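The block underneath contains the structure these notes are about, expressed in structure tokens.
The values are calculated or read from the model by the stated rules, or taken from the named source; none is laboratory data. It should be emphasised that the depicted structure is a prediction, and the values quoted were computed from it without experimental measurement. As a convention, Cβ positions derive from the backbone with ideal geometry for all residues, glycine included, and neighbour counts pool all protein chains shown.
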Amino acid sequence: SVRCRRERPGAGVMIVGARRPSTTTMRAARHENWGSPLEIADVERPEPAAGEVRIAVRATSVNPIDMHTGNNSGYEQSMRLPCIPGWDVAGVVDAVGYGVTRYAVGDRLYGLAWFPYPAGTYAEYMTVPAYHLAPMPKSASFTEAGCLPMAALTAWQMLDAAGVRAGQHVLISGASGGVGHLAVQLAVARGATVTALVRPDHHAALRELGAHTCVDYTHADAVTAIGKVDAAIDLVGFDFGASLFDRVTPGGTIALSTAWSVTGYQAAAAQRGIRAASCLVEPDPTALAAITELVDSGAVRVVVGAEFDLTEAADAQQWVKDRRGFGKAAIVVNAPERT
């Protein structure tokens, strides 16, 4: 992975106030207005409500929906100002709300928090329903665990929606991204044969992760030569996603992460005798526990392409926007001990 650290915050990040220990405030990266640069500010530290735990955040990660939300183009449920982005979280339980019995202070947990409602994981502390979380993989660092929940659960749930099982041939677009590289491994773990659509410079990495065949998505003839597959996982959408409908055999399924961008996707699927599933990830601690087992067994690993400090959250988002590397961009958070 690429370690991206600087002594001073990156462009578009402003430090507000002096850093000081506090039991009532915390640092967070937030948008004051839609589309405004991320700023680092001291904000009120949240208290856990009934059924919630407070997490001292050790790591989170950047997902494309974070940027959409910051520009007021995410899901309506998330549209609140000021906006602290983020839904992935890995950290340590700092406090528990009334009625919580499954976890205790000091537990190392990770999960997809609240999605698609605001979670605010670009911060030193956050609160989340205890049932959204699972114990961290024993083999994973906080940084690795913080990069897993949204991407791995998206991949898992899309594979479920497509009915992917042993012996099937699965086509995965956007295979070098955060979701894609995990979808490849999870499909292989289910016993499927995977063809990954990816740039040539990422072929070797995808083969190492288990892809049986890698195809350059910019070569239309090469994509056509794939023939028919039992299922497709489309992580790109738009016209490219629409073109994948012809790759699925009648009776098969294409699972779409951005179905809204594929015009008439249901009609297009019906014309070809296939099924199209529009997928929106949701918190799922049961699936997360199964993913944890695969991580600890060595069958699945998350690739952290770059790491950034919380003060560099804007740079982390830019890394994802620019598609600068393979895998996930992590934001490392070091919440101070309670004083």
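May I ask you to say which residue of ALA104, ALA175 is crowded, with 21+ Cβ neighbours inside 10 Å and in a loop (DSSP other than H, G, I, E, B)? Step through it out loud before you land on a result.
Numbers: ALA104 fails: crowded, with 21+ Cβ neighbours inside 10 Å.
Going through ALA104, ALA175 in turn, just one is crowded, with 21+ Cβ neighbours inside 10 Å and in a loop (DSSP other than H, G, I, E, B): ALA175.
Only one of GLU7, GLU47 is at pLDDT below 95 and among the acidic types (Asp, Glu); which?
Just a single option satisfies the conditions, and that option is GLU7.
Any idea which of (1) touching a helix residue (DSSP H, G or I) at 6+ places or on another chain (Cβ under 8 Å); (2) over 23 Å from ALA259 (Cβ atoms) is the one HIS203 doesn't satisfy?
(1)
Let's see how each residue does on (1) free of Cβ contacts under 8 Å to residues at least 60 places away in the same chain; (2) under 21 Å from LEU182 (Cα atoms); (3) outside any helix (DSSP H, G or I); (4) in contact with a strand residue (DSSP E or B) (Cβ under 7 Å, 6 or more places away or on another chain):
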{"residue": "GLY111", "(1), (2), (3), (4)": "no, yes, yes, yes"}
{"residue": "TRP114", "(1), (2), (3), (4)": "no, no, yes, yes"}
{"residue": "TYR117", "(1), (2), (3), (4)": "yes, no, yes, no"}
{"residue": "THR121", "(1), (2), (3), (4)": "no, no, yes, yes"}
{"residue": "TYR131", "(1), (2), (3), (4)": "no, no, no, no"}
{"residue": "PRO137", "(1), (2), (3), (4)": "no, yes, yes, no"}
{"residue": "GLU144", "(1), (2), (3), (4)": "no, yes, no, yes"}
{"residue": "LEU153", "(1), (2), (3), (4)": "no, yes, no, yes"}
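Report yes if some residue within the stretch 160-178 is within 15 Å of GLY91 (Cα to Cα) and acidic (Asp, Glu); otherwise report no. Working first, answer last.
In the first step, residues of the stretch 160-178 are kept if they are within 15 Å of GLY91 (Cα to Cα); the result is none.
Scanning the stretch 160-178 turns up no residue that is within 15 Å of GLY91 (Cα to Cα) and acidic (Asp, Glu).
Which count do you get for residues in the stretch 183-213 that are part of a strand (DSSP E or B) and in contact (Cβ under 8 Å) with a residue 24 or more places away in the chain? Show your work before the answer.
Within the stretch 183-213, the first condition is being part of a strand (DSSP E or B), and the residues that meet it are 193-197, 213.
Pick out the ones that are also in contact (Cβ under 8 Å) with a residue 24 or more places away in the chain and you get 193-197.
The total comes to 5.
For every residue, the table says whether it meets (1) among the aliphatic types (A, V, I, L, M); (2) modelled with pLDDT of 95 or more; (3) assigned to a loop (DSSP other than H, G, I, E, B).
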residue: ALA231; (1), (2), (3): yes, yes, no
residue: PRO250; (1), (2), (3): no, yes, no
residue: VAL281; (1), (2), (3): yes, yes, yes
residue: ALA289; (1), (2), (3): yes, yes, no
residue: THR292; (1), (2), (3): no, yes, no
residue: ARG301; (1), (2), (3): no, yes, yes
residue: ALA313; (1), (2), (3): yes, yes, no
residue: ALA316; (1), (2), (3): yes, yes, no
residue: PHE326; (1), (2), (3): no, no, yes
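Could you go through the stretch 254-262 and let me know if any residue there is at pLDDT 95 or above and either in a helix (DSSP H, G or I) or among the β-branched types (Val, Ile, Thr) (or both).
Yes, the stretch 254-262 has at least one match.
So which residues in the stretch 24-66 are within 26 Å of ALA134 (Cα to Cα), under 22 Å from the mean Cα position of the chain (by Cα) and of a type in the set (A, V, I, L, M, F, W, C), if there are any at all?
Listed by number, the residues that qualify are ALA28, ALA29, VAL53, ILE55, ALA56, VAL57, ALA59, VAL62, ILE65.
Here are the criteria: (1) more than 20 Å from LEU159 (Cα to Cα); (2) in contact (Cβ under 8 Å) with a residue 40 or more places away in the chain. Tell me which single one THR263 does not satisfy.
(2)
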